[in-house]
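The values are calculated or read from the model by the stated rules, or taken from the named source; none is laboratory data. Source: prediction; values computed, not measured. Neighbour counts are summed over all protein chains in view; Cβ atoms, including those assigned to glycine, are modelled from backbone coordinates with ideal geometry. Surface areas here come from the heavy atoms of the whole protein model, side chains and all, with no ligands, DNA or RNA. Shrake-Rupley method; radii C 1.70, N 1.55, O 1.52, S 1.80 Å.
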Amino acid sequence: MLFKGYDKAVAEANGYTIETSAQGFEYSVKKNATDSEDAAAQQLAAARWGIKPAVKPGHDVADDYSDYYNPQCGTAWLSGTAVRNLSVDPNTGFTLNPNQRAIFYYWEVGLSDSGGVSHQTWAPSGLLERQKWNGSRHVGGLSPSNGQAWVESTSYATLDDGSSCYPAPGAVIVHYGIF
């Protein structure tokens, strides 16, 4: 499905108004929204319009998304959203090919900034024959810098037929500005 814009009458009837951002794109926001609600509405609209959010001066990268498809197993993916206050919200996961089901997984994401490297680990855990898995975290206490995150090549999913699927080393990397 593709985003094509807003219906102002529908927005108005549901307590929203259509505004224009400083970057020049339209966005829908609740009437009488707080500053943080307005900023969140602009961020959502920017993503819908395919516009990269403005980055704080001194940071040359913004939020990012990366995935890697392997025809033998499926797709490993990662996004890293910088959320101010020296924090990042990494979201990651995998989608197996049709008719493949995971029964177990271990997933690890590395994060780097000017202060060093840290890791976020999900599992090991069972999955009850799921084709997809995703996880998210809020990671604070980072250092102001242009950071990156990646899916560690030690991450894997074990399938119900005994197969093990791993992300390709160095293939799923995102960049973000920490401020």
Output the relative contact order of the chain, whole-number percent, from Cα pairs under 8 angstrom with separation of 6+ residues.
21
Which FRET efficiency value, to the nearest 0.05, do you get for residue 114 and residue 173 by plugging their Cβ-Cβ distance into 1/(1 + (r/R0)^6) with R0 = 22 Å?
0.80
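Given contacts defined as C-alpha pairs under 8 Å and at least six residues apart, what's the relative contact order of the range 128-173, whole-number percent?
After rounding, I find 34 percent.
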Where the centre of each part is set by its Cα atoms, how far does the range 88-142 sit from the range 8-48, in angstrom?
31
Starting from the Cα-Cα distance between residue 129 and residue 44, subtract it from 0.36 nm times their residue separation and give me the gain in nm to one decimal.
27.3 nm
Of the options 119, 164, 85, report the single residue whose Cα projects farthest towards the positive end of the charge dipole of the chain (beta-carbon charges: Lys, Arg +1; Asp, Glu -1).
85
In the chain, how many lysine pairs have Cα atoms under 28 Å apart, counting only pairs 8 or more places apart or on different chains?
11
Local electrostatic count at residue 16 - Lys and Arg +1, Asp and Glu -1, tallied over other residues with Cβ under 13 Å
-3
Over the Cα atoms of the range 96-179 the radius of gyration and the largest Cα-Cα distance (Dmax), both in Å, equal 14.6, 45
What part of the accessible area of the chain, given as a whole %, is carbon or sulfur when the probe is 1.4 angstrom?
49
From largest accessible area down, sort 173, 178, 18; use a 1.4 Å probe on the protein chains.
173, 18, 178
Pop out the ³J(HN,Hα) list for the range 149-164 in order, Karplus 6.51 cos²θ - 1.76 cosθ + 1.60 with θ = phi - 60°, rounded to Hz; leave Gly and Pro as x.
9, 8, 7, 5, 6, 7, 5, 6, 10, 9, 8, 5, 8, x, 5, 10
³J(HN,Hα) across the range 115-120 via Karplus (A = 6.51, B = -1.76, C = 1.60, θ = phi - 60°), whole Hz, x for Gly/Pro?
x, x, 10, 9, 9, 10
Residues other than residue 110 with Cβ under 15 Å of its Cβ, Lys/Arg counted +1 and Asp/Glu -1, net out at -3
Tensor-based shape of the chain (alpha-carbon gyration tensor, a/c under 1.5 rounded, otherwise prolate or oblate)
oblate
